[in-house]
Amino acid sequence: MLKSLASFLVICCVSSVSSAADSAVSIGATFEAKDTLAPAADQREDAKQCVDNLCWKPGEFSVQIEAAAEDRGDWLVRFPSPVKSGDDRNDRVAMEWYQARDAYQNLVAAPAVVVVHESGSGMTVGRIFAKGLQLQGLHAFMLQLPFYGERRTGKNRPEGGDLVSMMKQAVADVRRARDAVAVLPLVDQSRISLQGTSLGGFVSATAGALDEGYENVFLMLAGGELYDLIQNGKKDAAKVRERLEKAGLVGEKLRELTLTVEPTRVAHRLRPDRTWLYSGTFDTVVPMKNALALANAASLTKSHHIQMAANHYTGIVYLPFVLAHIGKHARGPVTPQP
């Protein structure tokens with residue numbers, strides 16, 4: 001997504017000055033967490049099977065703080081993936097923490113948003129969202145998907161059916177991220193939201209539907225009916241289709257695999273009053289019919305399915321509006337103090 005980033009990068013690349021004295025955490029700090037995953041029973045047998053296949057046995061885990069690379073947030077947050085791929089490097093989730101600050105650059109207690117990036121290796125759009133949400137006064141955590149960034153060894157990613165395993169792990173990582181974020185200093189545990197773009201939007205739609213762990217779910221340029229999208233989508237979707245075809249995944253075999261992480265199977269579990277979908281009316285990567293499939297499955301009203309006169313790449317011009325909109329709802333009403 002989005003090649004024409006220059007003008008907005010100027011705004012979002014304002015770096016937050018951090019020091020050991022005011023960080024509230026330090027390199028090597030460890031926080032103990034536990035899974036709060038608690039999916040509600042579903043009367044739809046298909047949805048029940050989908051959720052059961054994506055969940056794991058809740059347990060306790062540790063969250064560690066590491067130094068962040070230059071222009072990659074204030075800290076790097078690590079925790080173990082609840083789903084194992086057999087690759088130790090990949091199975092240690094990485095999140096870039098962009099800490100909330102006030103007008104004087106002092107750290108502040110604030111709500112948080114877990115950001116899930118697009119399919120590009122550079123994760124550029126994910127970082128733009130994280131930096132933009134930080135400027136909205138929020139703690140932003142950009143989660144690196146399986147086999148991206150710090151989780152990647154070499155240049156290769158899974159192919160064929162392994163792509164679905166990667167997506168299953170991504171869904172689990174995104175849900176556990178909520179509980180990892182909740183134990184960190186200065187984070188308002190009662191207001192932790194989820195935002196995903198493109199590939200990250202598909203993952204977030206499914207992860208957010210497992211239970212009501214996230215306060216709000218914001219989906220950018222995402223949709224449903226993955227099989228149809230892969231078969232007919234252009235550009236990014238076409239590249240995925242080519243990779244799958246080379247692995248022999250076509251027809252019913254592909255349909256069965258995509259059903260494993262199909263958002264519309266569980267979208268009815270999302271809270272329509274706490275879920276927003278931002279779609280491009282001229283999008284050919286995630287066509288409007290696929291966006292509507294997700295919006296309808298989630299029972300989103302028009303005010304929660306925001307349609308922009310853009311395609312999958314020119315939507316950059318709407319980012320200031322989208323970030324302000326997310327910031328307003330992610331901050332939400334102030335929790336009364338006792």
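The values are calculated or read from the model by the stated rules, or taken from the named source; none is laboratory data. These numbers were taken from a predicted model, which means no experiment stands behind them. Please note: Cβ atoms are built from the backbone with ideal geometry, for glycine as well, and neighbour counts cover all protein chains shown.
Considering the stretch 234-264, the residues that are more than 18 Å from residue 286 (Cβ to Cβ) and among the β-branched types (Val, Ile, Thr) include one that is modelled with the lowest pLDDT, namely 250. The lone criterion from (1) under 18 Å from residue 180 (Cα atoms); (2) touching a helix residue (DSSP H, G or I) at 6+ places or on another chain (Cβ under 9 Å) left unmet by residue 75 is number (2). Check the stretch 104-120 and report whether any residue there is within 18 Å of the chain's Cα centre (by Cα), under 23 Å from residue 218 (Cβ atoms) and surrounded by fewer than 19 Cβ atoms within 10 Å (Cβ to Cβ). Yes.
Given the criteria at pLDDT 90 or above and hydroxyl-bearing (Ser, Thr, Tyr), does residue 227 qualify? Spelling it out, it is not the case that residue 227 is at pLDDT 90 or above and hydroxyl-bearing (Ser, Thr, Tyr).
Pairing each residue of the stretch 173-190 that is acidic (Asp, Glu) with any residue that is not in a helix (DSSP H, G or I), provided the two are 6+ apart or on different chains, yields C-beta distances under 6 Å for 173/81; 173/93; 179/33; 179/35; 179/36; 188/111. Screening the candidates 57, 48 for the property of being basic (Lys, Arg), outside any strand (DSSP E or B), in contact with an Asp or Glu (Cβ under 7 Å, 6 or more places away or on another chain) and without any contact (Cβ under 8 Å) to a residue 24 or more places away in the chain yields one hit, 48. So in the stretch 61-77, with the set limited to residues that are touching an Asp or Glu at 6+ places or on another chain (Cβ under 6 Å) and touching a residue at least 60 places away in the same chain (Cβ under 8 Å), which one is farthest from residue 30 (Cα to Cα)? Checking each candidate, the answer is 73. Taking the criterion of being surrounded by fewer than 16 Cβ atoms within 10 Å (Cβ to Cβ) and either in contact with a helix residue (DSSP H, G or I) (Cβ under 7 Å, 6 or more places away or on another chain) or not small (Gly, Ala, Ser) (or both), the residues of the stretch 291-303 that qualify are 296, 299, 301, 302. Taken residue by residue, the stretch 149-160 has no member that is surrounded by 19 or more Cβ atoms within 10 Å (Cβ to Cβ) and acidic (Asp, Glu). The conditions of being surrounded by fewer than 17 Cβ atoms within 10 Å (Cβ to Cβ), over 23 Å from residue 44 (Cα atoms) and hydrophobic (A, V, I, L, M, F, W, C) are met by residue 288. The residues of the stretch 266-282 that are surrounded by 21 or more Cβ atoms within 10 Å (Cβ to Cβ) and out of contact with any strand residue (DSSP E or B) (no Cβ under 9 Å at 6 or more places or on another chain), listed by number, are 266, 269. Picking from residues in the stretch 186-229 that are of a type outside the set (D, E, K, R) and surrounded by fewer than 21 Cβ atoms within 10 Å (Cβ to Cβ), the one that is nearest to residue 286 (Cα to Cα) is 227.
Can you work out which of the residues in the stretch 66-84 that are in a loop (DSSP other than H, G, I, E, B) and of a type in the set (Lys, Arg) is nearest to residue 174 (Cα to Cα)?
Among them, the one singled out is 84.
Just so you know, in the stretch 194-211 the residues that are under 9 Å from the mean Cα position of the chain (by Cα) and hydrophobic (A, V, I, L, M, F, W, C) include one that is farthest from residue 271 (Cα to Cα), and it is 199. Going residue by residue through the stretch 297-306, is there one that turns out to be part of a loop (DSSP other than H, G, I, E, B), of a type in the set (Val, Ile, Thr) and out of contact with any Ser or Thr (no Cβ under 9 Å at 6 or more places or on another chain)? There is at least one residue in the stretch 297-306 that is part of a loop (DSSP other than H, G, I, E, B), of a type in the set (Val, Ile, Thr) and out of contact with any Ser or Thr (no Cβ under 9 Å at 6 or more places or on another chain). For the stretch 30-45, the candidate set comprises residues that are touching a residue at least 12 places away in the same chain (Cβ under 8 Å) and assigned to a loop (DSSP other than H, G, I, E, B); within that set, the residue that is surrounded by the fewest Cβ atoms within 10 Å (Cβ to Cβ) is 40.
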